[in-house]
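See structure below.
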Amino acid sequence: MKNRDVVYEEVFALRLARLRSQKGVSARDMSLSIGQNPNYINLIENGRALPSMTVFFYICEFLNITPSEFFDLDSSDPVALRELTEKLKKLSPEYLKHIEAIVDGLAER
């Protein structure tokens, strides 16, 4: 069981670092923005701490993502994906078919 915990901590740390980096904010600034000490996010990203559930929700709020989006490791940019999905919902079925063909072509590359 101990080995599984290490894997989860590493995945969590890497995901946090990637999402924070995409937002273009330093670990120190993020730590202070969520009301923690200046090294807090750095400790998490280095695998030396995990946030409480409450702080995890603050982290998600800061990153403008849902907890589900945080753990969706197949999505490299959950904010952009959510925004695109909202726009796609407004398109006609005909336009959606065109978009699907474009995406299929891009996915084959």
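Quick note: the coordinates plus some simple rules give every number you see, no bench work behind them. Owing to the predicted nature of the structure, the values given are computational and were not obtained by experimental measurement. Note that we place each Cβ from the backbone using ideal geometry, even for glycine, and neighbour counts take in every protein chain shown.
With helices as the sole contributors, the chain gives -21500 deg cm²/dmol at 222 nm; each DSSP H run of n ≥ 4 counts as -39500 (n - 2.57), and the sum is divided by every residue.
If you fit an axis through the alpha-carbon atoms of helix 2-23 and take the longest principal axis of the Cα set of the chain, what angle between them do you get, 0 to 90°, nearest 10? The answer is roughly 60 degrees.
Placing +1 on the Cβ of every Lys and Arg and -1 on the Cβ of every Asp and Glu, with no other charges, gives the chain a dipole of roughly 240 debye about its Cα centre. For the chain, the longest principal axis of the Cα atoms and the long axis of helix 53-63 meet at an angle of about 50 degrees. When the charge dipole of the range 18-105 is built from unit charges on Cβ atoms (+1 for Lys and Arg, -1 for Asp and Glu) and taken about the Cα centre, the candidate among LEU50, PHE70, SER31 whose Cα reaches farthest toward its positive end is SER31. With R₀ fixed at 30 Å, the C-beta to C-beta distance from ARG28 to LEU88 puts the FRET efficiency at about 0.25. With the simple spin-label model, which puts each label point 7 Å out from Cα in the Cβ direction, the GLU61 to ASP77 separation comes to 2.6 nm.
Considering only TYR40, TYR95, TYR58, the mean-square fluctuation computed in a Gaussian network model of the chain, springs between alpha carbons under 10 angstrom, is largest for TYR95. Taking the C-alpha atoms only, the angle from helix 78-88 to the longest principal axis of the chain is near 20 degrees. Judged by the ratio a/c of the largest to the smallest principal axis of the C-alpha gyration tensor, the chain counts as prolate, that ratio being 1.5 or greater while a/b is larger than b/c. A Förster radius of 30 Å combined with the Cβ-Cβ distance from ALA107 to TYR8 puts the calculated FRET efficiency at roughly 0.55. Each Lys and Arg contributes +1 and each Asp and Glu -1, all at the Cβ; summed about the Cα centre of the range 60-109, the dipole is approximately 220 debye. Computed over the chain, relative contact order equals 19 percent, with contacts defined as Cα pairs under 8 Å that lie 6+ residues apart.
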